Each structure stands twice: as structure tokens, then as C-alpha cells.
Amino acid sequence: MTGARPLSRWVGLGIALVLLLIALCVNGYVRHVGGEGTGVPRHTGRPIAADPAIRAGGPVLRVAPGQPIRSLRPPSRVLALTFDDGPDPVWTPRILDVLRRHGAHATFFVVGAKVAEHPELARRIVAEGHELGVHTYTHAEPAAIPGWRQRAELAATQAVIASATGTRTRLLRPPYASTPAAVTRADAEAMNRAGAAGYLTVLADRDSQDWRRPGTAAIVRAATPPAGNGAVVMFHDSGGDRAQTVAALDRLLGATRGYRFATVSQAVRLDPAPPAPTTLRLRGYALTGVQRAGAVAASAMSVLLGAAVLLGVGRLLTQLYYSRRHVRRTRRQTHRQARFGTVSVIVPAYNEAANIAATVRSLAASDYRPLEIVVVDDGSTDDTAGIVTRLGLPGVRVVRQENAGKPAALNTGIAAATGDLLVLVDGDTVFAPDAISRLVQPFADVSVGAVSGNTKVANRGGLLGRWQHLEYVIGFNLDRRMFDLARCMPTVPGAIGGFRRTALADVGGVSQATLAEDTDLTMAVIRAGWRVVYEPHAVAWTEVPASLGQLWRQRYRWCYGTMQAMWKHRRSLAERGPGGRLGRRGLAYLLLFQVLLPLTAPAVDVAAVYGIFFLPWPQIVATWASFQALQMITAAYALRLDGERFGPLWSLPLQQLVYRQLMYLVVVHATVAALLGDRQRWQRMHRTGQAELALAARRT
């Protein structure tokens with residue numbers, strides 16, 4: 001597999017995540033920055049604009065740099081009805097129906113984000129003879145935002161209007177605007193910036209105050225000008241329940257005789273809105289597409305985050321429940337010291353010079369007798385076989401073969417062994433003196449074909465070591481307790497596992513079909529009708545990767561091999577008995593929590609970044625703290641069950657920063673490789689021999 005192909009996949013994943021973040025941020029900006037309009041002026045009580053031309057002018061104003069202020073007002077008996085904050089899928093159509101019934105026309109000052117959501121309403125407004133004006137993109141108050149953002153808000157709204165209707169507009173009503181007399185200095189500066197972009201600012205002569213919902217009669221009174229006067233009248237077609245607005249509009253149009261109801265442009269004799277250029281329409285289409293993608297992504301992320309939290313919490317609670325049951329069952333069992341004749345220990349070894357002496361010495365020191373230890377040197381290029389030979393330990397023999405891989409070495413050792421019970425051991429593992437005695441006790445039950453021991457991390461110094469130590473104790477061992485009770489143990493670890501010879505014969509020995517030979521073998525044993533159990537008191541210590549690169553290679557092999565084993569044994573889903581339990585319980589659990597859930601993690605992290613900027617901080621902190629607290633409780637309980645110290649718990653929250661990302665990226669890479677059918681080879685971890693030293697230091 002070339003280096004360019006994985007690199008291209010990571011680049012593709014990175015681009016996809018960046019696009020997802022952009023879409024989410026657009027959605028967050030649209031929905032969480034501006035908010036819904038209420039019509040409430042925000043600058044009430046601030047100093048009034050000094051220029052009397054604005055204070056005393058008409059409601060339609062042209063304010064531009066270096067030009068005199070011009071104002072326009074409707075002539076007598078002409079009412080320019082205006083509606084802010086829409087379009088709204090509920091209230092805008094009802095208002096349009098009332099206007100059509102009375103043959104009246106109006107101007108709708110629309111929020112750009114809502115036009116992007118409901119372009120069909122913008123098209124209907126224009127098609128029925130009404131006109132559109134800009135009300136910013138997110139209902140942001142121009143006087144309260146920087147100039148660059150004001151320009152962006154106006155340009156974006158203009159673009160989506162163009163894409164929805166094919167026209168553009170020169171009319172602008174700032175959110176929270178009222179009458180000319182209420183304009184402040186900051187408002188005037190914002191109007192000046194808008195004027196430089198070619199906009200006319202449309203305020204109001206009559207504010208209906210419908211946003212207060214004071215009742216139909218009060219709205220009609222507020223909207224009706226003194227007899228004979230023309231006016232620009234402000235209503236709202238969005239931002240809440242507008243039933244009173246609809247009723248008041250119907251009454252106003254029916255009761256006001258002798259008035260003409262026109263758009264703002266018609267009322268003050270402005271030229272019709274020009275058609276939009278193609279480039280502007282294209283920008284509008286692009287913006288609408290991004291906003292819609294953001295809305296879909298945000299909805300999907302909400303579901304995904306909810307599912308991830310529920311699954312994560314559910315898994316932790318399930319682990320706690322089954323672990324407690326497993327402890328109670330173990331305590332009820334009598335401590336047996338059955339003897340089964342010769343137990344053979346098979347140690348496949350390839351270039352294990354750093355650890356093989358410690359491994360063999362710990363096995364030879366076992367309290368179980370009679371014991372046979374077979375070390376299979378799989379074509380090592382170092383002095384692995386020589387080291388074992390020079391130890392001169394009784395009951396230990398070395399079998400040499402050309403390099404053929406770990407499964408072949410195991411099969412060679414099985415063929416050379418004489419015992420009916422076989423313990424398969426990695427060449428970097430150190431056994432407790434009573435580990436083998438405890439490991440073989442469950443074989444007193446003739447239905448048991450394999451037993452998983454308790455693998456612990458020896459070199460747990462540093463953050464990486466602590467994180468792996470916690471993972472072994474919390475994830476692997478709690479899961480094994482649960483799998484034991486559910487009778488669907490998918491993996492007996494290569495570090496310490498016991499097998500009945502007849503069970504191995506039933507499945508044809510150790511297969512070389514996958515990179516996870518231990519998982520493949522365990523699944524085959526279960527499907528052959530044997531029980532696989534967990535013995536937590538059979539303890540062995542193993543050396544784990546000491547660098548991120550080594551950890552990546554090891555976990556990638558595990559993950560890819562596990563997927564291979566799951567695919568190989570997929571028919572167990574439809575089987576009955578032990579095979580069915582493995583398929584419908586064990587494989588389903590692995591698929592959900594070791595494949596599918598990690599695959600969603602990159603998107604979940606993107607959603608977390610989005611939440612930092614757009615969601616309430618108390619909500620984020622509370623959610624994170626609650627989940628961390630539950631993890632801490634679970635971790636503390638798991639450490640207690642395993643007789644471990646609580647010291648490493650402080651590093652658990654830090655796992656979210658590096659370790660978690662590395663683990664889910666491993667799953668992503670392995671999944672893509674599996675789907676593309678890439679051929680993988682076994683990658684050996686570099687051994688340092690530090691495990692024995694670390695273990696000795698803790699024992700002293």
C-alpha cells in the first residue's frame with residue numbers, strides 16, 4: 001500500500017470536515033447571532049441624530065457620504081403598507097391572502113436567511129405585485145455591528161432575493177427601526193454606509209405596534225393616519241403569533257375608504273426594481289445551498305450527538321451493571337484447585353530478545369505443575385532462541401522454524417505440545433505466579449472451550465502508558481465481564497488465553513485468514529459450540545506501545561483484523577445457539593461501539609467546535625462535565641475491581657485531546673481500507689524490554 005493513498009484519504013477527510021464545519025457555522029450564524037425580530041427599538045433613549053433633515057424628514061431617506069440628505073413621503077390618501085421580519089411560512093401567506101382579497105399591494109422587508117429557507121414565498125410576493133426590501137440577513141441591527149458585517153449582511157440578502165425572484169431591490173429597513181424622530185447618531189452612520197452602497201432607508205410614519213399584540217382594535221388605531229394624510233405603515237409578518245396582525249390588516253383595508261394602498265416605490269414614485277444580474281443570482285444560489293446544507297448538517301449533528309451521548313452513557317451503565325453481576329457470580333463460586341494433568345504453554349516468538357527471558361522465567365515460576373513450555377522461534381534474526389536455550393530452565397524447549405507468521409508458529413507449538421489444555425502466550429508477556437492455575441480452573445466445566453485471562457499494562461509510565469492502562473482496565477476488562485455473562489466473548493487475547501485441545505481441533509487450529517488471529521480463533525471456537533469465559537484473577541502483564549506511531553500501527557492491525565474476523569463470521573448472525581449469541585450480541589456490539597460509533601467521532605468533534613462558538617457555554621460545560629463524571633465513576637469502579645490504584649484517573653479527561661482522536665482515526669483508516677479491499681500485512685511492534693523493569697519497580 002503506497003503512502004500517497006492514505007495521505008489522499010486523510011486530505012479528503014480533512015476537506016470534508018472543513019466543509020462540514022463551514023456549513024455548521026453558516027447555520028449557527030444564521031440562527032444564533034441575529035435572532036428573531038421583535039420590532040423593539042434597541043436604541044431608545046440614546047441621543048437623537050443632530051441633523052434636523054433626518055428628524056423632520058419623510059420616512060424614505062437617501063443618506064449618502066458627501067451628498068445632501070433627501071427624504072420622500074407618500075402623498076395624501078396613499079398608504080404604503082410594509083411588513084418586517086419575514087417571510088414566514090405560516091403568517092406571510094395569510095397576509096398575502098388578505099391583500100389579494102382587497103386588491104392592495106405592500107412592501108415586504110425580508111430577512112435574507114428566511115428567504116433562503118422559503119424562496120417560494122419571496123417569489124409569490126413578487127408575482128402578486130408586491131415588492132421586497134432588505135431587512136439584513138440575520139436580523140442584525142446595522143448600528144450595533146461593524147461596517148464590514150453590515151455590508152456582508154446587505155449583500156447576502158440582496159443575493160438570495162436575486163436568486164429567488166430574479167430581481168434586486170434598493171430599499172432597506174434596518175431591524176428595530178421606527179420613525180425618523182427616533183433615529184440616533186449610530187443609526188445615521190449605518191444609514192450613511194447603506195447609502196454609499198446605493199440603498200434608500202425606509203422608516204415609518206405609523207408604527208402599528210403589532211409586535212406587542214395589544215389587540216386588533218389597538219393595532220388598527222396605531223396604523224391609521226390622521227384624516228387624509230399619506231403614510232408608510234409598519235407591520236410584521238413574522239417573529240411570533242401574528243393572528244392579530246392579520247385581523248387588523250383585514251379591518252384596516254376594509255374600513256379605510258378613499259385610500260390607495262401601494263408599495264413604497266409606487267407611493268413615492270420610484271422606478272421599478274431592476275432585474276438581477278446573473279452573477280448576483282449565482283451567488284444567491286450558492287449561499288442558499290450552503291445555508292440549506294448547514295441546516296441539514298445541524299439537524300443531523302443534533303441527532304448524531306444525541307445518539308452518541310445516549311450510546312456512550314448506555315454503554316458505561318451497561319458495563320457497570322454487568323460488571324457488578326459478574327463480581328457477584330465470581331464471589332459465589334468456590335475457589336477450586338483442580339489439576340488437569342500437563343498444561344502446555346505455547347510462546348510464539350519473532351525477534352523478542354528484549355522480553356523473551358522475562359516471559360519464560362515468569363512462566364517457569366508458575367505454581368501449576370506439571371507444566372510444559374514450548375517456545376516457537378519463528379525465524380528470528382536476533383538471539384531470541386539462544387536466550388531461551390541459555391536460561392536452562394526445566395520443562396522449557398525451543399522449536400525453530402522459518403519465518404511463517406504468528407498463526408503458523410502457534411500451530412507448530414500446538415502440534416509439538418503434549419497437554420490437553422494449551423495456554424497461548426505472547427512473547428512480551430509476564431505472568432503472575434498463579435496466573436496459569438487460575439486460568440485453567442474454568443475448564444472443570446466440560447462445556448468451556450477457551451478462557452480469557454486479565455491482561456494488564458506493564459509499562460504504564462507517562463501519559464500514553466496511563467491512557468492505555470485505563471483503556472485495558474475500563475474498556476477491555478469491563479467488556480469481557482459483560483461478554484462472559486452474555487456468553488458471546490469475541491476475543492481471547494493473545495497475551496493470555498487458555499484453550500482446550502479438542503476445541504482447537506474442532507476449528508482446525510489457528511487460521512491465517514485475518515490479522516487478528518486471536519479474535520478469529522475465539523469466534524470460531526464459539527461457533528463450534530464451545531463456551532468462552534473470562535477469568536479476571538488470571539493476571540499477566542504486557543508491554544504496550546511507547547509512542548504514538550507504534551500505537552497507531554498496533555491498533556490499526558487490531559481494528560483491521562477485527563473487521564476481517566467480523567466479516568468472516570458474519571453468518572453467525574443467522575445461526576442458533578452459541579453462534580447466534582456471538583452474532584447477534586457480540587458482533588452487533590463490536591459493530592456498534594468499535595466501528596460505527598467511532599466513525600461518527602470526527603463529525604461529533606466538528607459539532608463540538610461549532611457548539612463552542614454558537615451554543616450556550618453553561619450547556620456545553622454541563623454536558624461535558626456530566627459525561628466526564630460518569631466516565632470517572634466507571635473508571636474508578638473498574639480500577640477497584642482490578643485491584644489497581646486510582647492515581648491514573650487524573651489523566652482520563654486528557655484522553656479527549658489526543659488519544660480519542662487517534663483511536664477514531666484508526667477506525668476511519670481501517671474501515672476505508674477494508675471497503676476498498678486493500679491488502680494489509682502483519683506489523684510487529686518494536687520491543688524495548690521496559691515492561692519487566694516497570695513491573696519490577698511497581699512490585700518493590
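The values are calculated or read from the model by the stated rules, or taken from the named source; none is laboratory data. Nothing here was measured: the structure is a model prediction, and the numbers come from that model. Neighbour counts run over all protein chains shown; Cβ positions are idealised from the backbone, glycine included.
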Exercise. Determine if the range 217-226 includes at least one residue that is touching a Ser or Thr at 6+ places or on another chain (Cβ under 9 Å) and under 29 Å from V26 (Cα atoms).
Key: no
Self-check item: Matching option when the condition is closer than 18 Å to S76 by Cα and among the β-branched types (V, I, T), among T256, T169
Solution: T256
Quiz item: Tell me, which residue of the range 484-494 that is buried (at least 24 other Cβ atoms within 10 Å of the Cβ) and among the hydrophobic types (A, V, I, L, M, F, W, C) is nearest to V425 (Cα to Cα)?
Solution: V492
Practice problem: Could you run through the range 335-353 and say how many residues are part of a loop (DSSP other than H, G, I, E, B) and either of a type in the set (S, T, Y) or farther than 19 Å from T455 by Cα (or both)? | Solution: 11
Practice problem: Could you tell me which of the residues A622, A629, A608 is surrounded by 13 or more Cβ atoms within 10 Å (Cβ to Cβ) and in a helix (DSSP H, G or I)? | Solution: A608
Quiz item: Using beta carbons and a limit of 8 Å, which pairs, at least six apart or on different chains, have the first residue in the range 626-655 and assigned by TED's automatic domain parsing to the domain that holds G314 and basic (K, R) and the second one assigned to a helix (DSSP H, G or I) and surrounded by 13 or more Cβ atoms within 10 Å (Cβ to Cβ)?
Solution: R645/L639
Quiz prompt | Enumeration of residues in the range 317-332 that are farther than 17 Å from L639 by Cβ and of a type in the set (A, V, I, L, M, F, W, C) | solution = L317
Quiz item: Considering the range 497-556 alone, what residues qualify as being surrounded by fewer than 20 Cβ atoms within 10 Å (Cβ to Cβ), over 29 Å from the mean Cα position of the chain (by Cα) and aliphatic (A, V, I, L, M)?
Solution: A505, A513, A528
Quiz prompt | Qualifying residues in the range 34-61 (those that are outside any helix (DSSP H, G or I) and modelled with pLDDT of 75 or more) - the one surrounded by the most Cβ atoms within 10 Å (Cβ to Cβ) | solution = P59
Quiz prompt | Residue count, the range 165-186 (criterion: out of contact with any Lys or Arg (no Cβ under 6 Å at 6 or more places or on another chain), of a type outside the set (A, V, I, L, M, F, W, C) and at pLDDT 90 or above) | solution = 8
Quiz item: Just checking, which of T201, T169, T157 is in a helix (DSSP H, G or I), hydroxyl-bearing (S, T, Y) and in the same structural domain as L72 (by TED's automatic domain parsing)?
Solution: T157
Practice problem: May I ask you to say which residue of A262, A255, A273 is more than 16 Å from V98 (Cα to Cα) and either in contact with a Pro (Cβ under 7 Å, 6 or more places away or on another chain) or among the aliphatic types (A, V, I, L, M) (or both)? | Solution: A273
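Of the residues in the range 398-455, how many are farther than 28 Å from N351 by Cβ and in a loop (DSSP other than H, G, I, E, B)?
Keep residues of the range 398-455 that are farther than 28 Å from N351 by Cβ, which gives 420-421, 434, 437-438, 440-449, 451.
Add one more test, that the residue is in a loop (DSSP other than H, G, I, E, B), and what stays is 420, 434, 445-447.
Result for the range 398-455: 5.
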Practice problem: Hey, can you tell me all the residues within the range 94-136 that are on the phi > 0 side of the Ramachandran plot and among the β-branched types (V, I, T)? | Solution: T136
Quiz item: Can you tell me how many residues in the range 106-154 are among the β-branched types (V, I, T) and in a strand (DSSP E or B)?
Solution: 3
Practice problem: State which residue is surrounded by the most Cβ atoms within 10 Å (Cβ to Cβ) when the search covers only the range 250-268 and only residues that are in a loop (DSSP other than H, G, I, E, B) and in contact (Cβ under 8 Å) with a residue 24 or more places away in the chain. | Solution: T263
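Restricted to the range 62-86, and to residues that are of a type in the set (A, V, I, L, M) and at pLDDT 90 or above, which residue is nearest to F235 (Cα to Cα)? Let's see the steps before the verdict.
Of the residues in the range 62-86, the ones of a type in the set (A, V, I, L, M) are 63-64, 69, 72, 78-81.
Going one step further and asking which of them are at pLDDT 90 or above, we end up with 72, 78-81.
Values: L72: 20, V78: 16, L79: 12, A80: 11, L81: 7 Å.
Filtering first and then ranking leaves L81.
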Practice problem: Provide a single number: the residues in the range 635-651 that are in a loop (DSSP other than H, G, I, E, B) and basic (K, R). | Solution: 1
Practice problem: Identify the residue in the range 197-249 that is within 44 Å of the chain's Cα centre (by Cα), of a type in the set (A, V, I, L, M, F, W, C) and more than 21 Å from G103 (Cα to Cα) and, among all such residues, is surrounded by the most Cβ atoms within 10 Å (Cβ to Cβ). | Solution: W211
Quiz item: Restricting the first residue to the range 217-239 and requiring it to be within 16 Å of T263 (Cβ to Cβ) and assigned by TED's automatic domain parsing to the domain that holds L96, which pairs with a second residue that is polar (S, T, N, Q) and at pLDDT below 95 meet a Cβ separation below 8 Å and a spacing of at least six or different chains?
Solution: G230/S76; V233/S208; M234/S178; M234/S208; F235/S208
Exercise. Of the conditions (1) outside any helix (DSSP H, G or I); (2) surrounded by 20 or more Cβ atoms within 10 Å (Cβ to Cβ); (3) at pLDDT 95 or above, E372 clears all except one; give me its number.
Key: (2)
Practice problem: Would you confirm whether any residue within the range 309-326 is charged (D, E, K, R), part of a helix (DSSP H, G or I), within 26 Å of the chain's Cα centre (by Cα) and at pLDDT below 95? | Solution: yes
Exercise. Would you point out which residue out of V111, V90 is touching a helix residue (DSSP H, G or I) at 6+ places or on another chain (Cβ under 9 Å), under 19 Å from D237 (Cα atoms), of a type in the set (A, V, I, L, M, F, W, C) and assigned by TED's automatic domain parsing to the domain that holds N229?
Key: V111
Practice problem: Output yes when any residue across the range 341-352 is over 26 Å from D518 (Cβ atoms), touching a helix residue (DSSP H, G or I) at 6+ places or on another chain (Cβ under 8 Å) and either touching a residue at least 40 places away in the same chain (Cβ under 8 Å) or surrounded by 13 or more Cβ atoms within 10 Å (Cβ to Cβ) (or both), and no when none is. | Solution: no
Practice problem: List every residue pair whose Cβ atoms sit under 6 Å apart, with the two residues 6 or more apart in sequence or on different chains, where the first one lies in the range 178-190 and is within 19 Å of F235 (Cα to Cα) and the second, anywhere, is of a type in the set (D, E). | Solution: S178/D207
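Given the residues L654, L693, which is the only one that is part of a helix (DSSP H, G or I), at pLDDT below 85, surrounded by 12 or more Cβ atoms within 10 Å (Cβ to Cβ) and not small (G, A, S)?
Details: L654 fails: at pLDDT below 85.
Result: L693 is the single residue among L654, L693 that is part of a helix (DSSP H, G or I), at pLDDT below 85, surrounded by 12 or more Cβ atoms within 10 Å (Cβ to Cβ) and not small (G, A, S).
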